[in-house]
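Reading through the C-alpha cells given below for one structure.
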Amino acid sequence: MVKINSTSRLPHITDRIILTQTDTTVGFLSQDAKKLAQIKSRPPTKPFIKVYANFRALSKDLRLPKRRKNLIRRAKKTTFIVKNQAFRVSDYRVSSQLLHKSEWFYSTSANESGKEYDREFCEQKADIIIEDKHGLFETKASSLLKVSDTKIRKLR
C-alpha cells in the first residue's frame, strides 16, 4: 500500500518525507535533512545516516578506505562511520516505484527524538506512507561501526 498526502499524482520525491519499513526498522526517509530534523525535533547540526541503494552509488559519493571496501560491500544491517559520515548500503527493496530511481536517502527511525515509535505521530508527519502486507514494525537497530584504514571500533 502506498498512501500519498498530495494532490499531484507524482510528487517530487526529493523533498518529501517517506514513512516505510527499512531493512532494520520503521523509518523516515528523505533527501531533505532539514525537514527530517524538524520532524524529529532535533538539532539540524546533528547528521543523519545516508542509506544507499547499492555499493556503486556509495562509491560515487564517498571515498572508502581500500582495506575496508570488502567489509562494507558484504555487510548486512550495519551502519558505518567513515571520516565522520554515517552511511549504510541497504539491499532491502520496497516494492514501490517511488524508491527505485533514487540512489540514496537520509534515514532516521520513525519517532520523535528520544521517544518510542508511535504510528499516529508518524502518519501525521509523513507525506508518503509505503507499507507492504507485513505492515510497519520495529526491530533491532543496525550495528554501528567506526571504520578507518587502521582499525574498526564497534559503537552499537
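Need pairs with beta-carbon distance below 6 Å; first residue part of a helix (DSSP H, G or I) and within segment 52-69, second exposed (fewer than 12 other Cβ atoms within 10 Å of the Cβ); sequence gap 6+ or separate chains.
Between residues of segment 52-69 that are part of a helix (DSSP H, G or I) and residues that are exposed (fewer than 12 other Cβ atoms within 10 Å of the Cβ), the close pairs are Arg67/Asp149.
List pairs: first residue in segment 131-156 and more than 23 Å from Asn111 (Cα to Cα) and in contact (Cβ under 8 Å) with a residue 40 or more places away in the chain, second residue basic (Lys, Arg) and surrounded by 13 or more Cβ atoms within 10 Å (Cβ to Cβ) anywhere in the structure, Cβ distance under 6 angstrom, at least six positions apart or on different chains.
Val147/Arg68
I'd like the full set of residues that are in a loop (DSSP other than H, G, I, E, B) and acidic (Asp, Glu), limited to segment 11-51.
Of the residues in segment 11-51, the ones in a loop (DSSP other than H, G, I, E, B) are 11-12, 16-17, 22-25, 31-32, 41-48.
Answer for segment 11-51, where residues must be in a loop (DSSP other than H, G, I, E, B) and acidic (Asp, Glu): Asp23, Asp32.
Scan segment 33-79 for residues that are closer than 20 Å to Ser109 by Cβ and polar (S, T, N, Q) and jot them down.
Looking only at segment 33-79, we keep the residues that are closer than 20 Å to Ser109 by Cβ, and these are 33-53, 75-79.
Matches in segment 33-79: Gln38, Ser41, Thr45, Thr78, Thr79.
Identify the single condition in (1) more than 20 Å from Asp32 (Cβ to Cβ); (2) free of Cβ contacts under 8 Å to residues at least 40 places away in the same chain; (3) in a helix (DSSP H, G or I); (4) not polar (S, T, N, Q) that Phe121 does not satisfy, given that it satisfies every other one.
So Phe121 meets the others, but not (1).
Within segment 86-110, track down each residue that is modelled with pLDDT under 85 and either over 12 Å from the mean Cα position of the chain (by Cα) or part of a loop (DSSP other than H, G, I, E, B) (or both). Steps first, please.
First, pick out the residues of segment 86-110 that are modelled with pLDDT under 85: 90-102.
Hits for segment 86-110 are Ser90, Asp91, Tyr92, Arg93, Val94, Ser95, Ser96, Gln97, Leu98, His100, Lys101, Ser102.
To keep it simple, each residue is scored yes or no on (1) over 13 Å from the mean Cα position of the chain (by Cα); (2) basic (Lys, Arg); (3) closer than 22 Å to Gly27 by Cα.
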| site | (1), (2), (3) |
| --- | --- |
| Tyr52 | no, no, yes |
| Arg56 | yes, yes, no |
| Leu62 | yes, no, no |
| Asn70 | yes, no, no |
| Arg74 | yes, yes, no |
| Asn84 | yes, no, yes |
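The values are calculated or read from the model by the stated rules, or taken from the named source; none is laboratory data. Only a predicted model underlies this, so the values are computations on that prediction, with no experimental measurement involved. Every residue, glycine as well, gets a Cβ built from its backbone with ideal geometry; the counts of neighbours run over all protein chains shown.
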